[in-house]
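Trainee: This is the structure I want to talk about, given as structure tokens.
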Amino acid sequence: MSTVKKAVIPAAGLGTRFLPVTKSMPKEMLPIIDVPVIHYVVKEALASGIDDIIIITGRGKRSIEDYFDDAPELEMHLGNSGKEEYLRMVREISSLVDLHYIRQKEPLGLGHAVLQAEKHISGEPFAVLLGDDIIKNSEPCTKQLIDIHGRKGCSVIAVEDVPQDMVSSYGIIDGKPVEPSLCVLKDIVEKPPVHEAPSTMGAIGRYVFNPEIFDCLKEIPKGVGGELQLTDAIRLLKGRQDVYAYSFRGRRYDTGSAMGYLEAIIDFALDKEYLHDDLMEFMRRKVGR
Ligand code: G1P
């Protein structure tokens, strides 16, 4: 039985890769048709057995709180006009889970964002899910990590092989294989130039940590980009206790990149019966077949 019940979802980033739309809208609220990206992230946490979620927000992120909150006027309107299906959908969102919000006052990096949750985590192991990765799989990625944490009692990060030209956008690991799909971490480097990278295995935005990660976050100096990097804290942690890297099962969409976002929309649209055939027909026409 796993003891990981809390999760942190950092959602304070500025979303510069998606400007100008992210000037007035959080990147985590970008819609995959009719559902914002962060909804999928919260649902992954829930499906993994998490029942307490801390979202780290920043300036301009109020719409995330509004999205998961009750909406009495909207609900009254939907009830009065007999739109029961929509009413059920809206109510379900606000009853999903116990959500807490902590505001990161300055954008000092992912490591700094995670550190904001220390008090709330109160010495327990916890999961971190980055707010713009969606991972599709019957067994949620976070659940896969929690199971490994349960078996090994160690922090574990999800990794996947990334293309050479993307290596400098990820935390890249060096690992010693110990089981199929599982390595003990030998090193991890944040956004290395490709010729200096220890491999092409990148950390993809799902982690389960022992609480000692907070001590590490407090000890590291500023790293790449002048920010406090979670990767640097993991590097420090792995010198004090084993940390594992796991090649998770599932299809990841990096919705923080234009292509990943588009792929997610198309994939989720194809899952919808009412869109599938029309979308296929549109794409056939587009490619002239
Ligand atoms: C962050 C992490 C990086 C990780 C990546 C996954 O970078 O710092 O180690 O590989 O997320 O998406 P960011 O994409 O926020 O620049």
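Trainee: Does Ile102 satisfy being away from the ligand (no atom under 16 Å from the Cβ), open to solvent by 40 Å² or more (accessible area, probe 1.4 Å) and touching a residue at least 40 places away in the same chain (Cβ under 8 Å)?
Mentor: Answer is yes for this residue.
Residue-by-condition table, conditions (1) at pLDDT below 80; (2) under 26 Å from Gln144 (Cα atoms); (3) surrounded by 13 or more Cβ atoms within 10 Å (Cβ to Cβ):
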| residue | (1), (2), (3) |
| --- | --- |
| Tyr40 | no, yes, yes |
| Lys43 | no, yes, yes |
| Ser48 | no, yes, yes |
| Ile56 | no, yes, yes |
| Asp69 | yes, no, no |
| Glu73 | no, no, no |
| Leu78 | yes, no, yes |
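Trainee: Looking at Asp161, Asp254, can you tell me which residue is at negative phi, touching a residue at least 12 places away in the same chain (Cβ under 8 Å) and near the ligand (Cβ under 10 Å from one of its atoms)?
Mentor: Going through Asp161, Asp254 in turn, the sole match is Asp254.
Trainee: Between a residue in the stretch 230-244 that is within 9 Å of the ligand (Cβ to nearest atom) and any residue that is assigned to a helix (DSSP H, G or I), which pairs come within a Cβ distance under 7 Å, given they are 6 or more apart or on different chains?
Mentor: Pairs that qualify, where the first residue is within 9 Å of the ligand (Cβ to nearest atom) and the partner is assigned to a helix (DSSP H, G or I), are Leu230/Leu110; Leu230/Gly111; Leu230/Val114.
Trainee: If you take just the helices (runs of 4 or more DSSP H) that sit entirely in the stretch 213-289, which of them hold at least 2 residues that are out of contact with any Lys or Arg (no Cβ under 7 Å at 6 or more places or on another chain), closer than 24 Å to Thr22 by Cβ and open to solvent by less than 50 Å² (accessible area, probe 1.4 Å)?
Mentor: Counting at least 2 such residues, we get 230-238, 258-271.
Trainee: Also: Search the stretch 199-212 for residues being touching a helix residue (DSSP H, G or I) at 6+ places or on another chain (Cβ under 7 Å) and more than 10 Å from the ligand (Cβ to nearest atom), and hand back the single one that is least open to solvent (accessible area, probe 1.4 Å).
Mentor: Selected residue: Val208.
Trainee: Applying the selection to the stretch 167-196, what residues are part of a helix (DSSP H, G or I) and either away from the ligand (no atom under 13 Å from the Cβ) or farther than 19 Å from Gly223 by Cβ (or both)?
Mentor: Residues satisfying the conditions are Val194, His195, Glu196.
Trainee: If you don't mind, there's one more thing I want to ask. Which of the residues that make up the stretch 187-198 are open to solvent by 10 Å² or more (accessible area, probe 1.4 Å) and touching a residue at least 24 places away in the same chain (Cβ under 8 Å)?
Mentor: Asp187, Val189, Glu190, Lys191, Pro193, Val194, Ala197, Pro198
Trainee: Residue under question is Gly123, and the condition is that it be of a type outside the set (A, V, I, L, M), surrounded by fewer than 22 Cβ atoms within 10 Å (Cβ to Cβ) and either modelled with pLDDT under 95 or closer than 21 Å to His39 by Cβ (or both); does it hold?
Mentor: yes
Trainee: In the stretch 105-126, how many residues are at negative phi, within 13 Å of the ligand (Cβ to nearest atom) and either within 17 Å of the chain's Cα centre (by Cα) or aromatic (Phe, Trp, Tyr) (or both)?
Mentor: Count: 5.
Trainee: Kindly establish whether Leu129 is open to solvent by less than 60 Å² (accessible area, probe 1.4 Å) and away from the ligand (no atom under 16 Å from the Cβ).
Mentor: no
Trainee: Restricting the search to the stretch 8-35, which residues are more than 16 Å from the ligand (Cβ to nearest atom) and either within 12 Å of the chain's Cα centre (by Cα) or open to solvent by 10 Å² or more (accessible area, probe 1.4 Å) (or both)?
Mentor: Within the stretch 8-35, Pro20, Val21, Lys23, Ser24, Met25, Met29, Pro31, Ile33, Asp34, Val35 meet the criteria.
The values are calculated or read from the model by the stated rules, or taken from the named source; none is laboratory data. Small disclaimer: the values here were computed from a predicted structure and weren't measured. No Cβ is skipped: glycine too gets one built from the backbone with ideal geometry, and neighbour counts run over all protein chains shown. Surface accessibility is based on the protein's heavy atoms, side chains included, excluding ligands, DNA and RNA. Shrake-Rupley method; radii C 1.70, N 1.55, O 1.52, S 1.80 Å.
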